[in-house]
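The values are calculated or read from the model by the stated rules, or taken from the named source; none is laboratory data. Being a predicted model, the structure only gives us computed values, none of them experimental. With ideal geometry, Cβ positions are generated from the backbone for all residues, glycine too; neighbour counts draw on all protein chains shown.
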Amino acid sequence: MRFARSGWTFLFGALFVALGMAPVGMGQTREIVVGVVVDITGPASSLGIPERNTVQLYESDFGRVQGQGGTARIRWVVTDGETDVTRTVVAVRRLIEEERAAAIVCCTTSPGTLAIVSTVTTAGVPTISLASARAIVEPVDQRFWVFKTAHDGRMNVDLITAHMQTLKIRRVAFMGTNDAFGQDGDRELDAFAPQRGLEVVAKEYFPYGATDASSQAVRVLTRNPQAAVIWAVPPAANVVVRNLRDLGAQLSLYLSQGVANRTFLELGGPTVEGVYVSAGKILVAEQLNVNDPQRAVLLEYVRRYEGRFGPGTRSAFGGHAYDAMLILHQAVGRVVARGLGNADLRQLRRAIRDEIETGTKNLVGIGGVFNFSPRDHVGLDPRRSMVILQVRRGQWTWVRF
């Protein structure tokens, strides 16, 4: 009988290995793979590098969970999407098919994320995006497997247009990248403008990696706006701001959290002085009230990240990656605690997805306090998680209004 039991143990162990899993129980540890695709190179690298850095910084902290019958180890596998939609899709497929990932964190950009939605949906793999566009998670019934941690266009535009009211701005222009990210900002500005007494007098688009947008800037200025909303990330965002400044534009400039990093300040220098940016609280963590629920989490992340990568290197984008890791770590932990650590890969993926959606409640992260539900795969309250910043003397300053 002992021999038979050992034989069955061997056979079951072999079966788990064949399925890409290590069995939990009998003193063993199951390995759960989470695939991460971020843009370490290419035009979005100023966003993707801090995302990659954050995964490396926290992979040990978020690398193990304990539950019924044993322990599960989470292995974070990072791949460069290269700010290229095709390469991003290929990378995600490899992580799903070859690495047998139980979950995916992807992508840095909205176009990248939208390109992989059908892939992760067909495979039934829970995915957390670090990008902005609302279309990533809506309509929710078509985005069953997809969640996100970044503040989206609706949240940004809500805050931006509310601030415009305080400056009595009435005429506004939109300038954005000709992709899903730019379209998201454009659509939300159209939606909020009537509510805030704004008239959108001009719209101009430019490439994601634009090196010159002076012709678009000229056309905008002929419409005499009082403010321009610029929907882009560095370096293109800096190009547009510089073009407007070079033309002598005397108007208020608003940008989304897509520029919420040191790269925007360094590339812009004096040209970005005075611009307004809607962003999460991470850039002004030290200025938060002591009773703000995010303060302690933000300060600890800043201490640790800047301790490794240098003063001023914090960014909203590294924060998005931290939040994705936190959400997944807790979801996997609940799955294992429920005794589902031995589930096959298909069942495990579904269990993790369900735990993200129904179990992520009042979770304090870098981007805000997350509360997902079957009707909400963003999970953030914009007025409690975002602020308006202004660049003053080359530094981020919180504008309270």
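Brief remarks follow.
- Within the stretch 220-250, tally of residues that are among the aliphatic types (A, V, I, L, M) and without any contact (Cβ under 8 Å) to a residue 60 or more places away in the chain: 11
- Among the candidates Thr88, Thr127, Thr121, Thr149, residue that is buried (at least 24 other Cβ atoms within 10 Å of the Cβ), free of Cβ contacts under 8 Å to residues at least 40 places away in the same chain and under 26 Å from Gly63 (Cα atoms): Thr127
- Residue list for the stretch 348-375, filter: assigned to a loop (DSSP other than H, G, I, E, B) and of a type in the set (Gly, Ala, Ser): Gly365, Gly367, Gly368
- Residue within the stretch 215-227 that is touching a helix residue (DSSP H, G or I) at 6+ places or on another chain (Cβ under 8 Å), within 28 Å of Leu299 (Cα to Cα) and crowded, with 17+ Cβ neighbours inside 10 Å present: no
- The set of residues in the stretch 155-196 being loosely packed, with under 15 Cβ neighbours inside 10 Å and touching a helix residue (DSSP H, G or I) at 6+ places or on another chain (Cβ under 7 Å) consists of Gln165 alone.
- Restricting the stretch 183-208 to residues that are in contact with a Ser or Thr (Cβ under 7 Å, 6 or more places away or on another chain) and charged (D, E, K, R), the residue that is modelled with the highest pLDDT: Arg196
- Index of the failed condition, Gly42 passing every other in (1) assigned to a loop (DSSP other than H, G, I, E, B); (2) of a type in the set (Gly, Ala, Ser); (3) touching a Pro at 6+ places or on another chain (Cβ under 9 Å): (3)
- Some residue of the stretch 261-270 being assigned to a helix (DSSP H, G or I), of a type in the set (Ser, Thr, Tyr) and more than 25 Å from Asp184 (Cα to Cα): no
- Scanning the stretch 336-361 for residues that are at pLDDT 95 or above and among the β-branched types (Val, Ile, Thr) yields Ile352, Ile356, Thr358, Thr360.
- Subset of the stretch 97-113 (residues that are crowded, with 24+ Cβ neighbours inside 10 Å and assigned to a helix (DSSP H, G or I)): Ser110, Gly112, Thr113
- Residue tally, condition under 8 Å from the mean Cα position of the chain (by Cα), modelled with pLDDT under 95 and more than 18 Å from Ser46 (Cα to Cα), over the stretch 127-151: 0
- Filtered residues of the stretch 282-298 (kept if surrounded by 14 or more Cβ atoms within 10 Å (Cβ to Cβ) and small (Gly, Ala, Ser)): Ala285
- Screening Arg308, Arg304 for residues that are surrounded by fewer than 23 Cβ atoms within 10 Å (Cβ to Cβ) and over 16 Å from Gly365 (Cβ atoms) leaves exactly one candidate, Arg308.
- All positions within the stretch 135-153 that are in a helix (DSSP H, G or I) and touching a strand residue (DSSP E or B) at 6+ places or on another chain (Cβ under 9 Å): Ile136, Val140, Gly153
- Test for Ala237: is it in contact with a helix residue (DSSP H, G or I) (Cβ under 9 Å, 6 or more places away or on another chain), in a strand (DSSP E or B) and buried (at least 23 other Cβ atoms within 10 Å of the Cβ): no
- Pairs with Cβ under 6 Å, 6+ apart, first in the stretch 328-339 and part of a helix (DSSP H, G or I), second acidic (Asp, Glu): Ala331/Glu355; Arg334/Glu355; Val335/Glu355
- Candidates Thr122, Thr88, Thr113, Thr177, filtered to the one that is touching an Asp or Glu at 6+ places or on another chain (Cβ under 9 Å) and of a type in the set (Ser, Thr, Tyr): Thr88
- Filtered residues of the stretch 169-182 (kept if of a type outside the set (Gly, Ala, Ser) and modelled with pLDDT of 95 or more): Ile169, Arg170, Arg171, Val172, Phe174, Met175, Thr177, Asn178
- Residue within the stretch 376-383 that is assigned to a helix (DSSP H, G or I) and at pLDDT below 95 present: yes
- Among the residues making up the stretch 47-73, those that are at pLDDT 95 or above and polar (S, T, N, Q) are Asn53, Thr54, Gln56, Ser60.
- Residue within the stretch 203-212 that is in a strand (DSSP E or B), of a type in the set (A, V, I, L, M, F, W, C) and touching a strand residue (DSSP E or B) at 6+ places or on another chain (Cβ under 8 Å) present: yes
- Listed conditions (1) over 18 Å from the mean Cα position of the chain (by Cα); (2) surrounded by fewer than 16 Cβ atoms within 10 Å (Cβ to Cβ) are all met by Asp381, apart from (1).
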